[in-house]
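Following: one structure in structure tokens, then a few remarks.
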Amino acid sequence: MPEETRVAVLGAGMHEWGKWGRPFVEYGLAAARDAMDDAGLGWRDVQFLSGADTIRNGYPGFVSGATFAQALGWTGARVSSVYAACASGAVAIANARAQILAGLCDVALVVGADTTPKGFFAPVGGDRKDDPDWLRFHLLGATNPTYFALYARRRMDRFGATEEDFAQVKVKNARHGLANPKARYRKDVTVEEVLASPMVADPLRLLEICATSDGGAALVLSSMEFARRHDGGSPLVTIDAVSTVTPAFPNTVIEMPNFATDSAVVSGAAAVGFRPSITAAAYAEAGIGPDDVDLAEVYDLSSALELDWYEDIGLCGEGEAEKLLRDGVTALGGRVPVNPSGGLSCFGEAIPAQAIAQVCECVWQLRDSADGRQVEGARVAVTANQGLFGHGSSVLLSR
Amino acid sequence: MGAEAIRVPAVEGWFTTGDGAQAPALLGSRCDECGTFAFPAESGYCRNPDCESSSFETVELSRRGRIWSYTDARYQPPPPYVAADPYEPFCIAAVELDAEKLVVMGQIVDGVSVDDLSVGDEVELVVDTLYHEDGTDYLVWKWRPVNRLVVTPGWEG
């Protein structure tokens, strides 16, 4: 791994995921305190606070960096506040990492937290006929699960995936999350129970679509030099690459919240699709490949989408994900467990916290401290996710 | 006062409603420089990063395409979707247009269930009522399977 692109993860912290409707700042603070305790550092040691924004909690959510800094007590620390939809957490990590690698600070705190409404995510209010996110609800009634279902149906048509395969992803992740104290849903389910749950967007059922949750996650990052001076008491985990790529034109896969894909009439489809390009950039930056990965945390917004990710992060070739799942390769005990945390299936999505939470799980796995869900001998971990409007997000970690 | 509702597009400039012999169509843009299509129509810079054109022609897109994928909406979508009361589930398809080499979303006309659809099926564009409010029918484009007899209040009347 190239030393010049590494930063140390000194602390990881989370507020558990659930649905309480309390202020998002409360979850973020709990996670931040947890991460600083884990690092053996205090708020006064933090020089840069990188906040991941929430857009459904008023003005404080849009300036989350300052909101969290004020709540922790003003110290003059520099801040940034970023929104990148589901990728917000990864972009907040990227900002903190860039500050550290540029030598502008030694210790940075990354925080994301959300309080979510019940039911389908709806667009931000108002009558906004120039916002594709507003228009897709208004003109099509296209919710997020609509798009997940289009991808799922496509897998069935192209690769022969079955409803049982999709249900098996849910069964696997539910089992993974059973022992995770931060997970919102900790309950075993059977294929029969999944298939008996109500259809939401054919072929996806209620138990296969990620819920919306409250939660908060935080990380304390530092320069490698600072980490060598500071003994945090845990095995040192590093972030070796962060990918925040956008799609390459023409993107021929329909993406939320768009009405249409790019036109491939001039140049033909891009050589690498958007989702595969996300982790490819992280692998290239770290100088490793998917074969080096011991575990992955991917964005299972739906059960079927997790199968797409197996291929997109390079665990197998196109159309081979169902076989990987059926052979148990991606379950705990398999060659490369996917979503050992239980994934979104057990957490539900707390948008700005989620990409940070993926990294927290990787940190605990790489430290050998993921009780009840430990991937044996884990040395390299990768996260993958995708934010609305074309925000790629992947973080590569190692011990 | 007449019972005839006023019919207006639910969004301005995205499609023609058709009349008489003229079938409705989606309105996209074609770049004057490189020929790249866009829907909805582009008015700023060409989406092709290797093209610096900002000049576009508004064009009617292909009226027929093939289903790239499809699903349905069993639960009522949240506002700003204006749902019928009582709510009736509907299908949504992403449709591949061959000439433009792009995929466009759209609702499927009423009376079609996912069991009636397959990836690759041919569909054609119609204009139908999206919702009714204060004596006005707000119109939107929808896809109708070509090989099915579906009775729908489309542009043909």
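The values are calculated or read from the model by the stated rules, or taken from the named source; none is laboratory data. What you are looking at is a predicted structure, and each value in this text was computed from that prediction instead of being measured. Glycine also receives a Cβ, built like all others from the backbone with ideal geometry; neighbour counts cover every protein chain displayed.
Quick notes
- Among the residues of segment A:301-337, just one is surrounded by 23 or more Cβ atoms within 10 Å (Cβ to Cβ) and touching a His at 6+ places or on another chain (Cβ under 9 Å), namely A:Pro337.
- Qualifying residue in segment B:113-130 (condition: within 9 Å of another protein chain (Cβ to nearest Cβ), part of a strand (DSSP E or B) and out of contact with any Asp or Glu (no Cβ under 7 Å at 6 or more places or on another chain)): yes
- Complete set of residues in segment B:98-108 that are over 15 Å from A:Leu140 (Cβ atoms) and at the interface with another protein chain (Cβ under 9 Å from one of its Cβ atoms): B:Ala99, B:Glu100, B:Lys101, B:Leu102
- The one condition in (1) touching a residue at least 60 places away in the same chain (Cβ under 8 Å); (2) more than 8 Å from chain B (Cβ to nearest Cβ) that A:Ala271 fails to fulfil: (1)
- So B:Val112, is it surrounded by 23 or more Cβ atoms within 10 Å (Cβ to Cβ), without any contact (Cβ under 8 Å) to a residue 40 or more places away in the chain and hydrophobic (A, V, I, L, M, F, W, C): yes
- Selection count where residues are part of a helix (DSSP H, G or I) and surrounded by 21 or more Cβ atoms within 10 Å (Cβ to Cβ), scope segment A:285-300: 1
- Single match in A:Ala142, A:Ala161, A:Ala152, A:Ala174 (criterion: within 10 Å of chain B (Cβ to nearest Cβ), crowded, with 19+ Cβ neighbours inside 10 Å and over 27 Å from B:Glu42 (Cβ atoms)): A:Ala152
- Qualifying residue in segment A:265-284 (condition: in the same structural domain as A:Thr252 (by TED's automatic domain parsing), assigned to a strand (DSSP E or B), in contact with a Phe, Trp or Tyr (Cβ under 8 Å, 6 or more places away or on another chain) and not polar (S, T, N, Q)): no
- Those residues of segment A:94-142 which are over 21 Å from A:Ala52 (Cβ atoms) and not in a loop (DSSP other than H, G, I, E, B), in sequence order: A:Pro132, A:Trp134, A:Leu135, A:Arg136, A:Phe137, A:His138, A:Leu139, A:Leu140
- Counting only helices (runs of 4 or more DSSP H) wholly contained in segment A:154-240, the ones carrying 3 or more residues that are closer than 30 Å to A:Ala12 by Cβ and touching a residue at least 12 places away in the same chain (Cβ under 8 Å) occupy A:163-177, A:224-229.
- A:Ala211 vs. criteria within 18 Å of the chain's Cα centre (by Cα) and more than 10 Å from chain B (Cβ to nearest Cβ): yes
- A:Gln386 vs. criteria crowded, with 24+ Cβ neighbours inside 10 Å, at pLDDT below 95, under 14 Å from the mean Cα position of the chain (by Cα) and not hydroxyl-bearing (Ser, Thr, Tyr): yes
- Residue under evaluation B:Pro77, criteria (1) touching a residue at least 12 places away in the same chain (Cβ under 8 Å); (2) buried (at least 17 other Cβ atoms within 10 Å of the Cβ), criterion not met: (1)
- Answer residue from segment B:69-94, given it is out of contact with any Ser or Thr (no Cβ under 9 Å at 6 or more places or on another chain) and in a strand (DSSP E or B) and is nearest to the other protein chains (Cβ to nearest Cβ) among those: B:Ser69
- One residue from A:Ser345, A:Ser341, A:Ser394 being hydroxyl-bearing (Ser, Thr, Tyr), part of a loop (DSSP other than H, G, I, E, B) and either in the same structural domain as A:Thr246 (by TED's automatic domain parsing) or buried (at least 21 other Cβ atoms within 10 Å of the Cβ) (or both): A:Ser341
- Among (1) over 30 Å from A:Ser222 (Cβ atoms); (2) crowded, with 16+ Cβ neighbours inside 10 Å; (3) outside the structural domain of A:Gly319 (by TED's automatic domain parsing), the one test that A:Val110 misses: (1)
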